[in-house]
Amino acid sequence: MLSASAYICHVRLRLSHILIRITAAVLTCCTVLSCADDSAVMEELDWAEAVMEEHPDSALALLDTLDRSRLTTREARARHALLYSQALDKNYIELTTDSVISPAVKYYKKHGSPDYRLKTQYYLGCIFNNAGDRERAMEHYVEAEKYVDRATDWQAIGRLYSAKRTIYFDIYDFEKSYRDALLSAEYYSKSGDIPLMVKAMTNAAYCAYFLDNYRTADSLLNEVRDKYWDTASISNKSTYFSSSLYLAVKTDSSAVKGILNEYLQTVTEPEEIDWSAVANIYRMSGNLDSALWALEHYPLAYPDYETEPQYLLLSSLIYEELGQFDKAYASLKKYSDIVGDEDIDKFEADTKFIEERYRHESEAIRHHNTVILIISGSVIALLLAAIILSNLRNKAKIAEITIAHERQEAEKKQQYLEDINTRLTEEKDALTDMLSKVSIPEEARRSVNDMLTTVTRILSAKASGSDSEVIDQVTHKMEQLTEDRNQFVLSVMLSYATAHPEFTTTLKARGLSEWETGYCCLYAMGLRGKDIGNLIGGGSHAHHNRASAIRAKLGLTEHDTTLGRWLIRLANETDHHGQNRAM
């Protein structure tokens, strides 16, 4: 039998083995349950992602109620953070800090598919954009764009380019805004989301309008009307009409009234109408009562209208034209306070003397209209300052254009002189070669020497003087040279006719003019077509035209021998015939 102490030890050992087995079993069960729960969590996240586009509110409800303690892996926490940020954005709940999306940013920086990495950077950019930090927003949009080539979520790519388009448009970079609007439309089309594609196309048309590319804007709007009108949403139709109104003002003012009437008949939901465009069109047409009516509807589409610079500026213009200067000034003052840029500071400083003058007048008049006069004066001063500022900007722009034009003209002049230099150098070489190798009558030789002297003088004129002086000299001498060339050809004809009368008589009998006959004499003297082209001027194209006209008069077809060989043979035949007659 075991002693008491030994028995106790034995019992303790048995209990230890049992506890170890129980613990192992519990750990095994926990591991199995944990893996099963991880799989269940990922399935729930899959469901939230699947319904995100059609039912973002349901996706947000699921993600919001999901027990965070079940997110046991970095991947699960990252995916939940991305989907949660996406759901908030789609439910118009704007985040302004990166605390929610931070796990996704850290994880997808080095892990995950191109689609998840693109969307993480995109929604991080949206958060900074919500906070008013466009620069950092654009940094993350550009970072997201790195994954476009490998991503397959076309709709996410379309949203990325749409977000970039908005920022570029807000900073007046309309070329890049137009480019990204077209890219947005392209990827929305790939995703099959026609409403978003149509919206992107109308945005592209709006950008094209600001680029003064009216034909492209009209083409995009016509494509929307012809292909997608029946399936377009009310919002897209409103954007279409708004863009069409602005375009018609520039291209076909007679169509404005019809477009406006169709707009108000088609888009019947007041909150979907671009009342700023409607009010502005009425104002421009002189229908101020209707403009004021449209302006009063502006808050339906923009509840925060009192902070909208577009609304304040438009109301200022309408009230000013209605003669309600107090309201015009109040709106313009709010506009200047909101805009608050350096331009406002500058033209306010420039108008101090106008404001001071109106204050002195108000003290002298001491009348109940004093307040109105002050307000009127301030409005006028601000408008004058705005006009002055606009003129200064236009002058600066004109100056830039003038400088660019002068630079282009200088480059053209330089190219003109270089082209002339090349042509005249070739002509000088041809004349020199002609004198050294070709046997020509003495009178023709004198004409060649005269032309060689003229060409040499023109070449030397380019070496001195200003560009304008050189251009004038060269142009004048080139005109003289043209006259000299014509005289030269006639001199050759007369000289050659003296020695070879039958040759020139035969050519004239075929209907050739004296100048064309002289042209043929150059061939008969042994010159090549290229040499004649350089000698007479006008380039190879002009020489070809002359030769073709002469061949036609001589009855030569394209299958006959070359003009030079034919003329040399004719010269030999007529000389031989003349010798026989002399004998």
Around Lys110: net Lys/Arg minus Asp/Glu count, Cβ-Cβ under 13 Å: +3
Arrange Glu418, Glu143 by Cβ neighbour counts within 10 Å, fewest through most, would you? Glu418, Glu143
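For a footprinting-style exposure proxy, rank Ile375, Ile380, Ile127 by other Cβ within 10 Å, fewest first. It would help to have the intermediate numbers written out before the result.
Numbers: Ile375 20, Ile380 17, Ile127 23.
If I rank by nearby Cβ atoms, fewest first, I get Ile380, Ile375, Ile127.
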Gain upon complete extension [Leu211, Gln265; 0.36 nm per residue less C-alpha separation]: 16.5 nm
Apply the Karplus parameterisation 6.51 cos²θ - 1.76 cosθ + 1.60, with θ equal to phi minus 60°, to every residue of segment 139-146 and state each ³J(HN,Hα) to the nearest whole Hz, in sequence, with x for glycine and proline. 4, 6, 5, 5, 5, 5, 5, 5
Sorting Arg68, Arg565 on the 10 Å Cβ count, fewest up front, what's the list? Arg68, Arg565
I need the calculated FRET efficiency for the pair Gln310 and His405, taking r as the beta carbon distance and R₀ as 35 Å, to the nearest 0.05. 0.50
In the structure shown, of Lys164/Lys199; Lys333/Lys395; Lys119/Lys146; Lys237/Lys257, the pairs separated by more than 23 angstrom at the C-alpha atoms are Lys333/Lys395
Please give, to one decimal in nm, the separation of the simple spin-label points placed at Glu143 and Asn545, each 7 Å out from Cα toward the Cβ. 6.4 nm
Once R0 is set to 45 Å, what does the formula 1/(1 + (r/R0)^6) return for the Cβ-Cβ distance between Ser235 and Glu418, expressed as a FRET efficiency to the nearest 0.05? 0.15
Förster radius 30 Å - calculated FRET efficiency between Glu175 and Arg136, Cβ distance, rounded to 0.05: 0.85
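Quick note: the coordinates plus some simple rules give every number you see, no bench work behind them. Note that the coordinates shown come from a computational prediction; the quantities given were computed from them, not determined experimentally. Heads up, the Cβs are rebuilt from the backbone with ideal geometry, glycines too, and the neighbour counts pull from every protein chain shown.
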